[in-house]
1. Whether any residue in the stretch 310-333 is within 15 Å of ligand 1 (Cβ to nearest atom), on the phi > 0 side of the Ramachandran plot and open to solvent by 50 Å² or more (accessible area, probe 1.4 Å) is what I want to check.
2. When you look at residue 147, is it open to solvent by less than 40 Å² (accessible area, probe 1.4 Å), outside any helix (DSSP H, G or I) and of a type in the set (Gly, Ala, Ser), yes or no?
3. Please go through the stretch 86-104 and give me each residue that is in a helix (DSSP H, G or I), over 25 Å from the mean Cα position of the chain (by Cα) and over 15 Å from residue 43 (Cβ atoms), ordered by number.
4. Among the residues that make up the stretch 168-176, is at least one of them touching a helix residue (DSSP H, G or I) at 6+ places or on another chain (Cβ under 6 Å) and at pLDDT 90 or above?
5. Would you tally the residues in the stretch 186-233 being surrounded by 10 or more Cβ atoms within 10 Å (Cβ to Cβ) and within 20 Å of the chain's Cα centre (by Cα)?
6. Going residue by residue through the stretch 391-403, is there one that turns out to be in contact (Cβ under 8 Å) with a residue 24 or more places away in the chain, within 10 Å of ligand 2 (Cβ to nearest atom) and either open to solvent by 10 Å² or more (accessible area, probe 1.4 Å) or of a type outside the set (Gly, Ala, Ser) (or both)?
7. May I ask you to verify whether residue 383 is crowded, with 17+ Cβ neighbours inside 10 Å and within 10 Å of ligand 2 (Cβ to nearest atom)?
8. Just to be sure, is residue 350 open to solvent by 20 Å² or more (accessible area, probe 1.4 Å), within 16 Å of ligand 2 (Cβ to nearest atom) and at pLDDT 85 or above?
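The values are calculated or read from the model by the stated rules, or taken from the named source; none is laboratory data. As the structure is a computational prediction, the values presented were derived from the model and not from experiment. For neighbour counting, all protein chains shown are included, and Cβ atoms are generated from backbone atoms with ideal geometry for every residue, glycine included. Each accessible area value is taken on the protein alone, full model and side chains, heavy atoms only, with ligands, DNA and RNA left out. Shrake-Rupley method; radii C 1.70, N 1.55, O 1.52, S 1.80 Å.
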Amino acid sequence: MDAEMLTEVGDQLVDAFAADGRAAGDVDADIVAAIGGAVRLRAVTDHLLAVLAAQAERVGVAKRSGMTTRELLVANGMAPVAADRCLRVGRAVDALASLYRYSSNGFLSGEHVDAVVRGVAHVSTRTKQPVGSEAITTVESTLVGRAISGASPAELMALARAAAIATAPDDDGIPAAEDATLNEMGWRQGDDGRLQGSFDLDVLTGERLICAVDTASRPRPLPDGTPDPRSAGRRRADAFGQLLECAARAAADDAAVRAPRTEVVVTVPVADRSTARLGWLGSISDRAATLAGCDAGITRVDLDQHGVPTAISATRRLFTGAVRKAIIVRDQCCVKCGAPASWADCHHIIHHADGGPTILDNGCLLCRSCHTAVHHQGWEVILGHDRHPWLIPPATLDPRRQPQPAHNRRTMRLDPHVVGAAA
Ligand SMILES: [Zn+2]
Ligand SMILES: [Zn+2]
(Lines give C-alpha, C1' and ligand atoms only; values in the text may rest on other atoms or scores of the structure.)
(Ligands and ions follow the chains in the order given, each with its own letter.)
Protein backbone atom coordinates (compact mmCIF):
# COMPACT_ATOMS: atom_id res chain seq x y z
CA MET A 1 0.00 0.00 0.00
CA ASP A 2 1.54 3.36 -0.91
CA ALA A 3 0.95 6.75 0.66
CA GLU A 4 -1.46 7.84 -2.07
CA MET A 5 -3.74 4.88 -1.43
CA LEU A 6 -3.74 5.62 2.28
CA THR A 7 -4.62 9.26 1.61
CA GLU A 8 -7.46 8.11 -0.64
CA VAL A 9 -8.91 5.86 2.07
CA GLY A 10 -8.59 8.75 4.49
CA ASP A 11 -10.47 11.10 2.13
CA GLN A 12 -13.27 8.55 1.75
CA LEU A 13 -13.60 8.40 5.52
CA VAL A 14 -13.81 12.19 5.77
CA ASP A 15 -16.28 12.37 2.84
CA ALA A 16 -18.51 9.89 4.58
CA PHE A 17 -19.80 12.59 6.93
CA ALA A 18 -19.23 15.74 4.86
CA ALA A 19 -22.75 15.81 3.30
CA ASP A 20 -24.83 18.85 4.28
CA GLY A 21 -28.48 19.02 5.16
CA ARG A 22 -28.84 15.63 6.87
CA ALA A 23 -30.33 14.92 10.29
CA ALA A 24 -27.82 15.40 13.13
CA GLY A 25 -28.32 11.78 14.24
CA ASP A 26 -27.23 10.43 10.87
CA VAL A 27 -24.16 12.68 10.77
CA ASP A 28 -23.19 11.62 14.32
CA ALA A 29 -23.37 7.96 13.37
CA ASP A 30 -21.23 8.61 10.29
CA ILE A 31 -18.61 10.50 12.29
CA VAL A 32 -18.40 7.71 14.85
CA ALA A 33 -18.14 5.12 12.06
CA ALA A 34 -15.42 7.16 10.35
CA ILE A 35 -13.43 7.48 13.60
CA GLY A 36 -13.72 3.72 14.07
CA GLY A 37 -12.53 3.18 10.51
CA ALA A 38 -9.58 5.55 10.93
CA VAL A 39 -8.51 3.88 14.20
CA ARG A 40 -8.65 0.50 12.51
CA LEU A 41 -6.67 1.82 9.55
CA ARG A 42 -3.99 3.04 11.94
CA ALA A 43 -3.88 -0.36 13.67
CA VAL A 44 -3.52 -2.18 10.32
CA THR A 45 -0.75 0.26 9.35
CA ASP A 46 1.05 -0.35 12.66
CA HIS A 47 0.85 -4.10 12.07
CA LEU A 48 2.14 -3.72 8.52
CA LEU A 49 5.07 -1.58 9.70
CA ALA A 50 5.99 -4.12 12.40
CA VAL A 51 5.96 -7.02 9.93
CA LEU A 52 7.96 -5.04 7.36
CA ALA A 53 10.52 -3.92 9.95
CA ALA A 54 11.07 -7.52 11.11
CA GLN A 55 11.35 -8.63 7.48
CA ALA A 56 13.88 -5.87 6.73
CA GLU A 57 15.87 -6.95 9.77
CA ARG A 58 15.84 -10.62 8.77
CA VAL A 59 17.16 -10.00 5.26
CA GLY A 60 19.68 -7.37 6.42
CA VAL A 61 18.39 -4.33 4.50
CA ALA A 62 19.63 -1.80 7.03
CA LYS A 63 22.99 -3.50 7.54
CA ARG A 64 23.81 -3.10 3.84
CA SER A 65 23.41 0.66 4.21
CA GLY A 66 25.56 0.65 7.35
CA MET A 67 22.86 1.22 9.95
CA THR A 68 20.59 -0.67 12.32
CA THR A 69 16.95 -1.39 11.45
CA ARG A 70 15.92 1.02 14.20
CA GLU A 71 18.02 3.78 12.60
CA LEU A 72 16.44 2.94 9.23
CA LEU A 73 12.95 3.38 10.71
CA VAL A 74 13.90 6.66 12.40
CA ALA A 75 15.53 7.92 9.16
CA ASN A 76 12.18 7.27 7.46
CA GLY A 77 10.39 9.57 9.85
CA MET A 78 9.42 7.30 12.76
CA ALA A 79 9.78 8.61 16.31
CA PRO A 80 12.42 6.57 18.20
CA VAL A 81 9.87 5.22 20.73
CA ALA A 82 7.57 4.12 17.89
CA ALA A 83 10.51 2.46 16.10
CA ASP A 84 11.37 0.47 19.25
CA ARG A 85 7.76 -0.65 19.59
CA CYS A 86 7.53 -1.53 15.91
CA LEU A 87 10.63 -3.75 16.08
CA ARG A 88 9.57 -5.39 19.34
CA VAL A 89 6.18 -6.31 17.91
CA GLY A 90 7.60 -7.35 14.51
CA ARG A 91 10.13 -9.74 16.07
CA ALA A 92 7.53 -11.43 18.30
CA VAL A 93 4.18 -11.38 16.56
CA ASP A 94 4.93 -14.18 14.07
CA ALA A 95 5.15 -16.70 16.89
CA LEU A 96 1.92 -15.53 18.56
CA ALA A 97 -0.87 -16.89 16.34
CA SER A 98 -3.91 -15.51 18.14
CA LEU A 99 -2.34 -12.07 18.59
CA TYR A 100 -1.31 -12.05 14.92
CA ARG A 101 -4.93 -12.55 13.86
CA TYR A 102 -6.26 -9.55 15.81
CA SER A 103 -3.24 -7.41 14.95
CA SER A 104 -3.32 -8.02 11.18
CA ASN A 105 -7.04 -7.24 10.84
CA GLY A 106 -6.63 -4.03 12.86
CA PHE A 107 -8.90 -5.19 15.67
CA LEU A 108 -6.27 -4.38 18.34
CA SER A 109 -4.33 -1.11 18.35
CA GLY A 110 -0.54 -1.10 18.08
CA GLU A 111 -0.33 -0.15 21.77
CA HIS A 112 -2.47 -3.14 22.81
CA VAL A 113 -0.51 -5.50 20.58
CA ASP A 114 2.72 -4.20 22.11
CA ALA A 115 1.37 -4.70 25.65
CA VAL A 116 0.49 -8.33 24.86
CA VAL A 117 3.96 -8.89 23.32
CA ARG A 118 5.69 -7.43 26.39
CA GLY A 119 3.36 -9.29 28.76
CA VAL A 120 4.03 -12.63 27.07
CA ALA A 121 7.81 -11.94 27.06
CA HIS A 122 7.71 -11.07 30.77
CA VAL A 123 5.85 -14.27 31.75
CA SER A 124 8.11 -16.34 29.48
CA THR A 125 11.28 -14.92 31.11
CA ARG A 126 9.98 -15.30 34.66
CA THR A 127 8.62 -18.84 34.26
CA LYS A 128 11.41 -20.03 31.92
CA GLN A 129 8.72 -21.42 29.59
CA PRO A 130 9.45 -20.82 25.88
CA VAL A 131 7.00 -18.90 23.68
CA GLY A 132 4.85 -21.54 21.97
CA SER A 133 4.67 -23.77 25.06
CA GLU A 134 1.21 -24.53 26.40
CA ALA A 135 1.56 -22.27 29.45
CA ILE A 136 2.65 -19.26 27.41
CA THR A 137 -0.02 -19.82 24.75
CA THR A 138 -2.62 -19.77 27.56
CA VAL A 139 -1.22 -16.45 28.81
CA GLU A 140 -1.31 -15.09 25.25
CA SER A 141 -4.99 -16.02 24.76
CA THR A 142 -5.90 -14.55 28.16
CA LEU A 143 -4.17 -11.25 27.37
CA VAL A 144 -5.66 -11.07 23.85
CA GLY A 145 -9.12 -11.82 25.29
CA ARG A 146 -8.75 -9.08 27.92
CA ALA A 147 -7.49 -6.63 25.28
CA ILE A 148 -10.54 -7.35 23.11
CA SER A 149 -12.88 -6.83 26.05
CA GLY A 150 -11.43 -3.37 26.65
CA ALA A 151 -8.49 -3.70 29.08
CA SER A 152 -5.95 -0.86 28.71
CA PRO A 153 -2.30 -1.62 27.82
CA ALA A 154 -1.31 -0.80 31.43
CA GLU A 155 -3.91 -3.26 32.74
CA LEU A 156 -2.57 -5.93 30.38
CA MET A 157 0.96 -5.49 31.78
CA ALA A 158 -0.38 -5.67 35.36
CA LEU A 159 -2.21 -8.87 34.43
CA ALA A 160 0.96 -10.34 32.90
CA ARG A 161 2.98 -9.53 36.06
CA ALA A 162 0.33 -11.25 38.19
CA ALA A 163 0.36 -14.29 35.87
CA ALA A 164 4.16 -14.48 36.07
CA ILE A 165 4.10 -14.37 39.87
CA ALA A 166 1.37 -17.02 40.02
CA THR A 167 3.13 -19.47 37.69
CA ALA A 168 6.85 -18.88 38.39
CA PRO A 169 8.48 -21.80 40.22
CA ASP A 170 8.90 -21.05 43.94
CA ASP A 171 12.68 -21.61 44.00
CA ASP A 172 13.10 -19.08 41.23
CA GLY A 173 14.68 -16.35 43.36
CA ILE A 174 13.43 -12.79 43.35
CA PRO A 175 11.40 -11.31 40.49
CA ALA A 176 13.29 -8.30 39.11
CA ALA A 177 10.44 -6.05 40.26
CA GLU A 178 11.14 -7.03 43.89
CA ASP A 179 14.93 -7.24 43.78
CA ALA A 180 16.25 -4.44 45.99
CA THR A 181 19.84 -5.27 45.03
CA LEU A 182 19.16 -3.77 41.56
CA ASN A 183 18.10 -0.43 43.07
CA GLU A 184 19.92 2.65 41.88
CA MET A 185 19.69 6.36 42.38
CA GLY A 186 21.84 8.91 40.60
CA TRP A 187 22.05 12.63 40.08
CA ARG A 188 24.08 15.26 38.30
CA GLN A 189 24.19 19.03 38.35
CA GLY A 190 22.80 20.66 35.21
CA ASP A 191 24.48 23.64 33.48
CA ASP A 192 22.09 26.01 35.24
CA GLY A 193 23.15 24.62 38.63
CA ARG A 194 20.00 22.62 39.23
CA LEU A 195 20.10 19.01 40.35
CA GLN A 196 18.62 16.40 38.04
CA GLY A 197 18.35 12.76 38.96
CA SER A 198 16.87 9.40 38.25
CA PHE A 199 16.02 6.35 40.28
CA ASP A 200 15.26 2.71 39.66
CA LEU A 201 13.54 1.04 42.61
CA ASP A 202 12.04 -2.29 43.63
CA VAL A 203 8.28 -2.39 43.92
CA LEU A 204 8.09 -2.13 47.74
CA THR A 205 10.47 0.84 47.95
CA GLY A 206 8.63 2.39 45.00
CA GLU A 207 5.30 1.93 46.73
CA ARG A 208 6.67 3.62 49.88
CA LEU A 209 7.94 6.54 47.81
CA ILE A 210 4.63 7.00 46.02
CA CYS A 211 2.63 6.71 49.26
CA ALA A 212 4.82 9.22 51.10
CA VAL A 213 4.89 11.74 48.25
CA ASP A 214 1.19 11.28 47.48
CA THR A 215 0.21 12.03 51.08
CA ALA A 216 2.26 15.22 51.17
CA SER A 217 1.37 16.41 47.66
CA ARG A 218 -2.41 16.67 47.79
CA PRO A 219 -3.61 19.98 46.25
CA ARG A 220 -4.04 22.78 48.81
CA PRO A 221 -6.59 25.44 47.81
CA LEU A 222 -5.49 29.05 48.33
CA PRO A 223 -6.96 30.96 51.32
CA ASP A 224 -9.66 32.51 49.11
CA GLY A 225 -10.75 29.06 47.95
CA THR A 226 -9.26 29.09 44.45
CA PRO A 227 -7.80 25.70 43.47
CA ASP A 228 -4.11 24.94 44.05
CA PRO A 229 -2.38 26.53 41.03
CA ARG A 230 0.64 24.18 41.19
CA SER A 231 1.00 21.44 38.56
CA ALA A 232 1.05 17.81 39.73
CA GLY A 233 4.79 17.59 39.05
CA ARG A 234 5.48 20.72 41.07
CA ARG A 235 3.34 19.44 43.99
CA ARG A 236 5.29 16.15 44.03
CA ALA A 237 8.60 18.01 44.04
CA ASP A 238 7.39 20.27 46.87
CA ALA A 239 6.25 17.20 48.81
CA PHE A 240 9.64 15.55 48.36
CA GLY A 241 11.37 18.66 49.75
CA GLN A 242 8.93 18.62 52.67
CA LEU A 243 9.75 14.97 53.42
CA LEU A 244 13.49 15.75 53.51
CA GLU A 245 12.81 18.63 55.87
CA CYS A 246 10.74 16.37 58.15
CA ALA A 247 13.49 13.74 58.19
CA ALA A 248 16.10 16.35 59.14
CA ARG A 249 13.96 17.76 61.94
CA ALA A 250 12.97 14.34 63.23
CA ALA A 251 16.68 13.56 63.58
CA ALA A 252 17.03 16.78 65.59
CA ASP A 253 14.16 15.61 67.82
CA ASP A 254 12.06 18.65 67.02
CA ALA A 255 8.74 17.51 68.40
CA ALA A 256 6.90 20.40 66.72
CA VAL A 257 7.44 18.85 63.29
CA ARG A 258 5.85 15.52 62.56
CA ALA A 259 6.43 13.59 59.39
CA PRO A 260 3.26 13.15 57.35
CA ARG A 261 1.53 9.90 58.20
CA THR A 262 1.96 7.61 55.25
CA GLU A 263 0.51 4.20 54.76
CA VAL A 264 1.52 1.50 52.29
CA VAL A 265 -1.47 -0.74 51.72
CA VAL A 266 -0.86 -4.38 50.82
CA THR A 267 -3.98 -6.45 50.18
CA VAL A 268 -3.48 -10.15 50.91
CA PRO A 269 -6.45 -12.51 50.42
CA VAL A 270 -6.48 -15.07 53.26
CA ALA A 271 -7.42 -17.89 50.88
CA ASP A 272 -4.74 -17.22 48.26
CA ARG A 273 -1.61 -15.41 49.39
CA SER A 274 -0.13 -15.54 45.88
CA THR A 275 -2.53 -12.80 44.73
CA ALA A 276 -1.28 -10.04 47.06
CA ARG A 277 -1.42 -6.51 45.65
CA LEU A 278 0.03 -3.09 46.42
CA GLY A 279 -2.29 -0.10 46.20
CA TRP A 280 -0.27 1.74 43.53
CA LEU A 281 2.04 -0.71 41.85
CA GLY A 282 -0.05 -3.89 41.61
CA SER A 283 0.81 -7.56 42.12
CA ILE A 284 3.66 -8.76 44.34
CA SER A 285 4.85 -12.24 45.22
CA ASP A 286 3.99 -14.04 48.45
CA ARG A 287 7.55 -13.41 49.70
CA ALA A 288 7.34 -9.66 49.14
CA ALA A 289 3.93 -9.58 50.84
CA THR A 290 5.40 -11.44 53.84
CA LEU A 291 8.28 -8.94 53.98
CA ALA A 292 5.89 -5.99 53.81
CA GLY A 293 3.70 -7.55 56.51
CA CYS A 294 6.60 -8.37 58.87
CA ASP A 295 6.65 -5.01 60.65
CA ALA A 296 3.27 -3.53 59.84
CA GLY A 297 -0.24 -2.77 60.97
CA ILE A 298 -2.68 -5.54 60.11
CA THR A 299 -6.36 -4.94 59.41
CA ARG A 300 -8.61 -7.85 58.67
CA VAL A 301 -11.47 -7.14 56.24
CA ASP A 302 -14.03 -9.88 55.57
CA LEU A 303 -15.79 -9.67 52.20
CA ASP A 304 -19.02 -11.21 50.97
CA GLN A 305 -19.16 -13.00 47.61
CA HIS A 306 -19.60 -9.65 45.80
CA GLY A 307 -16.46 -8.17 47.34
CA VAL A 308 -18.36 -5.92 49.79
CA PRO A 309 -16.77 -5.72 53.29
CA THR A 310 -18.92 -7.36 55.97
CA ALA A 311 -16.57 -7.02 58.96
CA ILE A 312 -13.48 -4.93 59.66
CA SER A 313 -11.11 -5.45 62.60
CA ALA A 314 -9.27 -2.55 64.25
CA THR A 315 -5.78 -2.10 62.80
CA ARG A 316 -3.26 -3.85 65.02
CA ARG A 317 0.27 -2.54 64.77
CA LEU A 318 2.81 -5.34 65.23
CA PHE A 319 5.87 -4.78 67.43
CA THR A 320 4.93 -1.60 69.29
CA GLY A 321 5.74 -0.11 72.66
CA ALA A 322 7.37 -2.33 75.25
CA VAL A 323 8.11 -5.31 72.98
CA ARG A 324 9.82 -3.09 70.41
CA LYS A 325 11.87 -1.37 73.12
CA ALA A 326 12.89 -4.73 74.59
CA ILE A 327 14.09 -5.90 71.16
CA ILE A 328 16.05 -2.65 70.69
CA VAL A 329 17.69 -3.08 74.13
CA ARG A 330 18.69 -6.67 73.30
CA ASP A 331 19.83 -6.23 69.65
CA GLN A 332 20.99 -2.54 69.73
CA CYS A 333 21.32 -2.41 65.93
CA CYS A 334 20.55 -4.40 62.77
CA VAL A 335 21.62 -7.91 63.79
CA LYS A 336 23.14 -8.55 60.35
CA CYS A 337 25.02 -5.37 59.43
CA GLY A 338 24.93 -3.12 62.50
CA ALA A 339 22.86 -0.27 61.01
CA PRO A 340 21.32 1.93 63.76
CA ALA A 341 18.17 0.66 65.50
CA SER A 342 16.16 3.65 64.31
CA TRP A 343 16.63 2.49 60.70
CA ALA A 344 15.62 -1.06 61.44
CA ASP A 345 12.40 -3.03 61.03
CA CYS A 346 11.37 -5.59 63.61
CA HIS A 347 11.45 -8.93 61.79
CA HIS A 348 9.27 -11.87 62.83
CA ILE A 349 11.66 -14.85 63.16
CA ILE A 350 8.69 -17.16 62.46
CA HIS A 351 6.70 -15.14 59.91
CA HIS A 352 3.59 -13.43 61.15
CA ALA A 353 1.78 -14.86 58.11
CA ASP A 354 2.71 -18.36 59.33
CA GLY A 355 1.32 -17.69 62.78
CA GLY A 356 4.54 -16.42 64.40
CA PRO A 357 3.70 -14.43 67.58
CA THR A 358 4.68 -10.78 68.11
CA ILE A 359 6.86 -11.31 71.19
CA LEU A 360 10.46 -10.56 72.20
CA ASP A 361 11.62 -14.13 71.48
CA ASN A 362 10.18 -14.01 67.94
CA GLY A 363 11.51 -10.58 66.90
CA CYS A 364 14.85 -9.12 65.88
CA LEU A 365 16.12 -5.86 64.36
CA LEU A 366 16.96 -5.87 60.64
CA CYS A 367 17.61 -2.81 58.47
CA ARG A 368 15.61 -2.68 55.26
CA SER A 369 18.27 -4.19 53.00
CA CYS A 370 19.20 -6.99 55.44
CA HIS A 371 15.48 -7.59 55.97
CA THR A 372 15.11 -8.09 52.20
CA ALA A 373 18.09 -10.49 52.27
CA VAL A 374 16.40 -12.57 54.98
CA HIS A 375 13.07 -12.79 53.17
CA HIS A 376 14.40 -13.17 49.64
CA GLN A 377 18.01 -14.39 49.58
CA GLY A 378 18.04 -17.39 51.84
CA TRP A 379 19.47 -15.86 55.05
CA GLU A 380 17.75 -17.34 58.10
CA VAL A 381 17.38 -16.04 61.63
CA ILE A 382 17.00 -18.39 64.59
CA LEU A 383 16.78 -17.71 68.30
CA GLY A 384 19.64 -19.39 70.17
CA HIS A 385 19.44 -20.98 73.63
CA ASP A 386 21.03 -17.72 74.80
CA ARG A 387 17.78 -15.99 73.67
CA HIS A 388 19.72 -13.87 71.19
CA PRO A 389 19.13 -13.99 67.43
CA TRP A 390 21.70 -15.88 65.31
CA LEU A 391 22.07 -15.67 61.54
CA ILE A 392 22.47 -18.65 59.22
CA PRO A 393 23.91 -17.70 55.80
CA PRO A 394 22.48 -19.27 52.62
CA ALA A 395 24.31 -22.39 51.36
CA THR A 396 25.54 -20.41 48.35
CA LEU A 397 27.64 -18.25 50.72
CA ASP A 398 28.57 -20.85 53.33
CA PRO A 399 28.00 -24.51 52.34
CA ARG A 400 28.21 -25.54 56.05
CA ARG A 401 25.64 -22.86 57.00
CA GLN A 402 27.54 -22.03 60.21
CA PRO A 403 25.39 -19.77 62.50
CA GLN A 404 26.78 -16.26 63.13
CA PRO A 405 26.03 -14.23 66.25
CA ALA A 406 24.06 -10.98 66.04
CA HIS A 407 26.08 -7.90 65.09
CA ASN A 408 26.27 -6.52 68.66
CA ARG A 409 27.78 -9.85 69.81
CA ARG A 410 30.31 -10.37 67.02
CA THR A 411 33.20 -10.48 69.47
CA MET A 412 31.81 -13.69 71.00
CA ARG A 413 33.37 -17.00 70.11
CA LEU A 414 31.13 -19.46 68.30
CA ASP A 415 29.74 -21.92 70.78
CA PRO A 416 27.71 -24.68 69.16
CA HIS A 417 25.91 -25.42 72.45
CA VAL A 418 24.48 -21.95 72.58
CA VAL A 419 22.93 -22.12 69.13
CA GLY A 420 20.64 -24.93 68.06
CA ALA A 421 16.90 -25.19 68.21
CA ALA A 422 14.94 -22.00 67.62
CA ALA A 423 12.64 -21.03 70.43
ZN1 LIG B 1 21.34 -4.47 58.10
ZN1 LIG C 1 10.78 -9.98 58.25
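1. yes
2. no
3. Answer for the stretch 86-104, where residues must be in a helix (DSSP H, G or I), over 25 Å from the mean Cα position of the chain (by Cα) and over 15 Å from residue 43 (Cβ atoms): 91, 97, 98.
4. No, because not a single residue in the stretch 168-176 is touching a helix residue (DSSP H, G or I) at 6+ places or on another chain (Cβ under 6 Å) and at pLDDT 90 or above.
5. Qualifying residue count for the region: 17.
6. no
7. Judged against the criteria, residue 383 is not a match.
8. Yes; evaluated as a whole, the condition is true for this residue.
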